[in-house]
1. Sorted by average packing, counted as other Cβ atoms within 10 angstrom per residue and highest first, what order do 70-77, 91-98 take?
2. Evaluate Rg over Rh across region 51-94, taking Cα atoms for both radii and Kirkwood's formula for Rh.
3. If the only charges are +1 at each Lys and Arg Cβ and -1 at each Asp and Glu Cβ, what is the size of the charge dipole of region 44-104 around the Cα centre, to the nearest 20 debye?
4. Need the full-extension length gain, HIS80 to ALA67, defined as separation in residues times 0.36 nm minus the C-alpha distance. One decimal, nm.
Amino acid sequence: MAENQNQNTDPKPVVLTKIAPTTNQPADQTAGRLEINPEPVETRITVNVGVQGKMRKVLLPSGSTVADALRAAEFDAKDHEIRMGGAPARLDTPVEDGRTIMLLRPVRGNN
């Protein structure tokens, strides 16, 4: 029983495909019928990534992290602060669809 509690219970996405009538079948037999495609569908998210004045929009699989987004946009976070939606973020922070990831140079005071 304990093993079942640790398993992911999220349902897999399903694609519904509308079947169009073919020339061999009467339209009334196929019109509006849906067929279920049992193959899992990878959902995608769009994220804006960049530095002030140079932004890139990238398409990522859902469940991606800030590090995945930076890699896809070809940006290096070295010597930069990472902000997502204005809040500090780390490389392992998961990203959500439509978010903006900014790389900012740290502000340093007079020494």
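Read the figures in this text as sums done on the coordinates, not as results from a lab. This is a predicted model, so every value here is computed, not measured. FYI the Cβ positions are ideal-geometry reconstructions off the backbone, even for glycines, and counts take in every protein chain you see.
1. Numbers: 70-77: 15.4, 91-98: 13.8.
In decreasing order of mean packing, 70-77, 91-98 become 70-77, 91-98.
2. Values: Rg = 10.1 Å, Rh = 11.0 Å.
Rounded to two decimals, Rg/Rh equals 0.92.
3. On the way: 9 positive and 8 negative charges, 35 e Å.
Value, rounded to 20: 160 debye.
4. Numbers: separation 13, 0.36 × 13 = 4.68 nm, distance 1.31 nm.
The span from HIS80 to ALA67 would gain 3.4 nm if fully extended.
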